[in-house]
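Step one of this worksheet: look at the structure below.
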Amino acid sequence: MVLSKTASESDVSIHSTFASRYVRNSLPRFEMPENSIPKEAAYQIINDELMLDGNPRLNLASFVTTWMEPECDKLMMESINKNYVDMDEYPVTTELQNRCVNMIARLFNAPLGDGEAAVGVGTVGSSEAIMLAGLAFKRQWQNKRKAQGLPYDKPNIVTGANVQVCWEKFARYFEVELKEVHLREDYYVMDPEKAVEMVDENTICVAAILGSTLTGEFEDVKLLNDLLVEKNKQTGWDTPIHVDAASGGFIAPFLYPELEWDFRLPLVKSINVSGHKYGLVYAGIGWVVWRTKTDLPDELIFHINYLGADQPTFTLNFSKGSSQVIAQYYQLIRLGFEGYRNVMDNCRENMMVLRQGLEKTGRFKIVSKDNGVPLVAFSLKDSSRHNEFEVAETLRRFGWIVPAYTMPADAQHVTVLRVVIREDFSRTLAERLVADFEKVLHELDTLPARVHAKMANGNGKKTPEEMQREVTSYWKKLLETKKTSKNTIC
């Protein structure tokens with residue numbers, strides 16, 4: 001749905017120079033045209049506008065895959081007209097999904113016997129996967145409370161304040177209280193001890209993040225499990241754990257195989273992972289797997305037969321394309337364990353190249369850790385003249401899209417820049433990015449600190465933290481003002 005204002009209230013038509021060879025009249029912008037136009041003209045009009053988008057390969061804000069092999073691109077185009085839910089009509093596609101679920105469940109050490117099928121489903125991304133996992137936890141908790149004759153109207157979930165917005169959506173949409181463990185400076189993930197302290201009899205689960213969006217850091221799921229085991233023994237509860245491995249699920253098994261975060265821990269009942277992140281598939285595929293069949297209540301599974309045969313379904317969406325499922329299967333068999341490990345090793349090495357290059361400038365403090373999702377999060381050591389939002393905005397002139405953002409409560413006074421290292425981000429690009437950062441810093445150094453001086457004037461003496469918050473707020477408002485002239489679609 002369109003959330004922002006139109007680009008120009010007065011400009012109600014679309015004009016295209018090249019398309020004028022086919023169409024002389026301009027097209028309405030927000031109404032369907034009365035007449036058809038040649039296919040060449042339609043293509044050219046749309047292509048002209050899309051040229052103004054950013055380059056996906058230079059979008060270093062995103063964790064989402066932006067490159068795949070031509071053979072996989074071909075497979076995706078050949079299957080783009082297949083509806084994923086038509087299981088009876090496309091049984092092989094359904095079989096490929098089931099193979100993916102079983103491969104991923106075993107990658108996460110699900111306790112499966114020989115020949116035993118894993119329990120899981122493909123989704124459009126980790127957001128849907130988290131909704132499904134959350135619903136399973138809520139229903140399990142409600143069923144147990146009903147059986148015990150206890151109130152079941154006030155469920156809550158414990159997370160860190162660093163969780164992705166999809167957790168807030170789940171809590172709001174499905175009426176679950178979200179209890180967040182606040183962060184602190186230099187500790188930007190959920191503290192397991194504080195999380196367990198917040199658990200009560202109404203907690204449906206504790207959500208741990210394997211790969212924080214903010215810094216890429218893995219939360220200590222092993223410590224959380226151990227602490228929660230002890231609390232469950234003391235209270236008689238059986239509060240479980242869900243692991244949001246959207247970013248880290250396809251990294252940890254290959255780079256950190258000894259790290260215990262998955263179904264090796266007894267309280268981990270479900271895990272989600274994004275195939276379209278480090279699963280190396282284009283946007284539109286996620287996965288959620290459960291420890292056992294008993295962890296997914298039967299009443300949440302629907303059975304339909306109007307597509308030709310009995311089909312069990314547990315999704316929020318219904319119709320969707322098959323291409324991403326087929327692409328995920330391609331990557332799993334094409335790369336294998338060795339190939340994924342090589343890709344992740346390469347991403348980590350390029351991350352270290354970028355990290356070391358930024359440190360050599362002497363201008364940045366690295367906030368992210370060496371272990372975790374391959375990304376570099378960093379802050380300016382001195383933001384008294386210019387801040388991270390100015391750096392990000394100026395860097396766009398070189399084509400790079402690098403986000404600047406403030407940390408959640410209680411570390412909101414900290415502002416960082418973040419560069420995500422994907423498979424298609426080479427060492428050469430890392431070195432070029434460092435060089436462009438140096439150019440941006442040199443350019444900003446030659447400019448007067450107008451914003452800072454204006455805000456400090458007449459405001460009395462302020463602490464560095466107060467000045468940082470004011471400058472950050474100013475630039476966020478400035479960037480938002482610039483964006484009001486664009487259309488935003490969600």
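The values are calculated or read from the model by the stated rules, or taken from the named source; none is laboratory data. Note that the structure is a prediction, hence the values are computed from the model and not measured. Cβ: placed from backbone, ideal geometry, glycine included. Neighbour counts: every protein chain shown. Surface accessibility is based on the protein's heavy atoms, side chains included, excluding ligands, DNA and RNA. Shrake-Rupley method; radii C 1.70, N 1.55, O 1.52, S 1.80 Å.
Some observations on this one:
- Considering residues of region 150-184 that are exposed (fewer than 13 other Cβ atoms within 10 Å of the Cβ) and aliphatic (A, V, I, L, M) only, the residue nearest to residue 132 (Cα to Cα): 165
- Residue match in region 435-448 (condition: touching an Asp or Glu at 6+ places or on another chain (Cβ under 7 Å), open to solvent by less than 10 Å² (accessible area, probe 1.4 Å) and at pLDDT 95 or above): no
- Which listed residue, of 408, 374, 403, is at pLDDT below 95, open to solvent by less than 70 Å² (accessible area, probe 1.4 Å) and under 19 Å from the mean Cα position of the chain (by Cα): 408
- The single residue among 286, 275, 236, 249 that is among the small types (Gly, Ala, Ser), under 20 Å from residue 340 (Cβ atoms) and out of contact with any helix residue (DSSP H, G or I) (no Cβ under 6 Å at 6 or more places or on another chain) turns out to be 249.
- When residue 302 is tested against (1) closer than 21 Å to residue 138 by Cβ; (2) among the aromatic types (Phe, Trp, Tyr); (3) in contact with an Asp or Glu (Cβ under 8 Å, 6 or more places away or on another chain), exactly one condition is not met: (3).
- Only residues that are open to solvent by 10 Å² or more (accessible area, probe 1.4 Å) and outside any loop (DSSP other than H, G, I, E, B) were counted across region 186-208, and they come to 6.
- The number of residues in region 82-101 being in a loop (DSSP other than H, G, I, E, B) and either small (Gly, Ala, Ser) or without any contact (Cβ under 8 Å) to a residue 40 or more places away in the chain (or both) comes to 0.
- Of all residues in region 376-401, those satisfying the criterion of being part of a strand (DSSP E or B) and either out of contact with any Ser or Thr (no Cβ under 6 Å at 6 or more places or on another chain) or farther than 17 Å from residue 62 by Cβ (or both) are 378, 379, 380, 401.
- Verdict on residue 355 being open to solvent by 30 Å² or more (accessible area, probe 1.4 Å), out of contact with any strand residue (DSSP E or B) (no Cβ under 9 Å at 6 or more places or on another chain) and of a type in the set (Lys, Arg): no
- Meets criteria (of a type in the set (Ser, Thr, Tyr) and more than 25 Å from residue 296 (Cβ to Cβ)) for residue 212: yes
- Some residue of region 413-428 being open to solvent by 10 Å² or more (accessible area, probe 1.4 Å) and free of Cβ contacts under 8 Å to residues at least 24 places away in the same chain: yes
- Flag if residue 366 is without any contact (Cβ under 8 Å) to a residue 24 or more places away in the chain and either buried (at least 22 other Cβ atoms within 10 Å of the Cβ) or farther than 23 Å from residue 402 by Cα (or both): no
Every residue, every condition in (1) open to solvent by 70 Å² or more (accessible area, probe 1.4 Å); (2) within 24 Å of the chain's Cα centre (by Cα), yes or no:
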residue	(1), (2)
53	yes, yes
75	no, no
89	yes, no
92	yes, no
96	no, no
104	no, yes
121	no, yes
131	no, yes
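- Residues of region 33-48 satisfying the condition of being open to solvent by 40 Å² or more (accessible area, probe 1.4 Å) and in contact (Cβ under 8 Å) with a residue 12 or more places away in the chain: 37, 38, 40, 44
- Qualifying residue in region 110-130 (condition: hydrophobic (A, V, I, L, M, F, W, C) and assigned to a helix (DSSP H, G or I)): yes
- Pairs linking a residue in region 317-328 that is in contact (Cβ under 8 Å) with a residue 40 or more places away in the chain and open to solvent by less than 40 Å² (accessible area, probe 1.4 Å) to a residue that is in a loop (DSSP other than H, G, I, E, B) and of a type in the set (Ser, Thr, Tyr), with Cβ atoms under 6 Å and 6 or more positions apart or on different chains, are 320/84; 322/79; 322/84; 323/79; 326/79.
- Subset of region 339-352 that is under 15 Å from residue 423 (Cβ atoms) and open to solvent by 40 Å² or more (accessible area, probe 1.4 Å) - its residue that is nearest to the chain's Cα centre (by Cα): 348
- Test: residue in region 155-167 that is aliphatic (A, V, I, L, M) and assigned to a helix (DSSP H, G or I): yes
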